[in-house]
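Structure first, then comments.
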Amino acid sequence: MSWIRQSDEKKSSTRILVEKIIKEGKIPSHIAIIMDGNRRFARKNGLSSVQMGHSLGFETLANTLEWCSHFGITTVTVYAFSIENYKRSEEELAGLWNIVREKMNRLFQEEGKLREKGVRVRILGNLSLLPKDIQKLVSRAMKMTLNNNQATLNVCLSYTSREEIAQAMKKCAQGVQDGIILSSDIDERVLERCLYTADEHGYNPPQLLIRTSGEVRLSDFLLWQSSFSVLSFVRVLWPEFSVWHFYGVLLHFQSCWGEVSKLLEEHKKNIEELDEREILEIVSRDCIKCCDTELNQKVKDYKEDRQIRLNNFFQWLNRRREETIESMLL
């Protein structure tokens, strides 16, 4: 966990200069990474097993978290294991679970440092599919770091984006069925709060998404959240990803973010305008003969009532998240 370790590496004058230049520009607060190429790296370098490639991949992640900390990047979301990966051989899966167990136990040993640095660890995905002992480990890790609020590491484990969106839709439907919200309350902003990546503080999509290995696709990772992310595809295998590649993706982000941020702001404005029109249409159905003053007051009342419903719904979602963590400890 590199956000809790202090590097004693001496930097060259070139690195110091490059970092100074990068820090003059926009730095993403949240980056996402598809850590692709561990198995190919193992085969390419004649390693005795693909597990060695995965282990080296974890070391690269530790280095990357350190670089992120240096640039003030406070949220990192990584694609560690897809639901599709359950189709891999039993031998490889057993090796992966052993690595997870090792890293989780290492995490528990660093509890004090995690608290000191304020690092929160969140494991995201359909965690019910994980082996039972892994469920307990990840639940313990999330509970242990729940109140840390300076930096967040999201590990997508047993995850695909389509499954995530389907689960979010089910949560919305359950909220309507239980009478917490109305079907008319649901829009994309509400659905976003139901995604695995959302938490009690809201919805925080990545501004930059990185994929290594040369593949130019998202592989069912953060499909919703990356709609307005800068995408950077790096033609090296994940264990080969170096600080210079990291500098490169940050510079690429800075060259693209200006235009992307304009599109994002335009989208937010369009959503707000659509919301106003829909509310006016809903209220107008029951206020056909209202004067403008009455109509405006009813619109205001509707918004206040809706916000109360939504606040109750978001609290219900938070309770469900907490209950899920607790249930995995049993």
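Brief remarks on what is shown
- Angle between the chain longest axis and helix 90-109 axis [Cα atoms, degrees, rounded to 10]: 80 degrees
- Radius 13 Å from Cβ of Thr152, net charge of other residues (Lys, Arg +1; Asp, Glu -1): +1
- Considering only Ile210, Gly179, Trp224, the residue lying farthest towards the positive end of the dipole of region 179-225 is Ile210, judged by Cα position with unit charges set on Cβ.
- Where no second cysteine Cβ lies under 4.7 Å, the cysteines concerned in the chain: Cys68, Cys156, Cys172, Cys194, Cys256, Cys291
- Taking the centroid of alpha carbons for each part, region 108-137 and region 68-95 are 13 Å apart.
- Ranked by how many other beta carbons lie within 10 Å on average, peptides 85-94, 318-327, 284-293 from highest: 318-327, 85-94, 284-293
- Taking only Cα atoms of region 135-226, radius of gyration then Dmax in Å: 15.2, 48
- Links that overshoot a 19 Å alpha carbon limit, given the list Lys103/Lys132; Lys26/Lys262; Lys171/Lys300; Lys20/Lys117: Lys171/Lys300; Lys20/Lys117
- P(r) tail fraction, region 1-159 - alpha-carbon pairs more than 18 Å apart, %: 63 percent
- The angle between the Cα long axis of helix 13-23 and the longest principal axis of the Cα atoms of the chain comes to about 10 degrees, rounded to the nearest 10.
- For the chain, the longest principal axis of the Cα atoms and the long axis of helix 292-328 meet at an angle of about 30 degrees.
- Spread of Cα-to-Cα distances over 10 Å intervals beginning at zero, given as percent, for region 2-328: 5, 22, 31, 23, 12, 5, 2, 0
- Here the simple spin-label model places points 7 Å from the Cα toward Cβ, and for Arg309 and Leu223 these points are separated by 2.8 nm.
- Spin-label zone in region 45-67 - amide nitrogen under 19 Å from a point set 7 Å from the Cα of Asn148 along the C-beta vector: 58-67
- Rounded to the nearest 20 debye, the dipole size of the chain about its Cα centre is 1060 debye, using +1 on the Cβ of Lys and Arg and -1 on the Cβ of Asp and Glu.
- The simple spin-label model puts a point 7 Å past each Cα toward its Cβ; for Ser29 and Ile165 those points are separated by 2.6 nm.
- Positive dipole terminus of the chain, leading residue within Val299, Leu191, Ser284 (C-beta point charges): Leu191
Each reported figure results from applying straightforward, stated rules to the coordinates on display, with no laboratory input. These numbers come from a predicted model, not from an experiment. Reconstructed Cβ throughout: ideal geometry from the backbone, glycine too, with neighbour counts over all protein chains shown.
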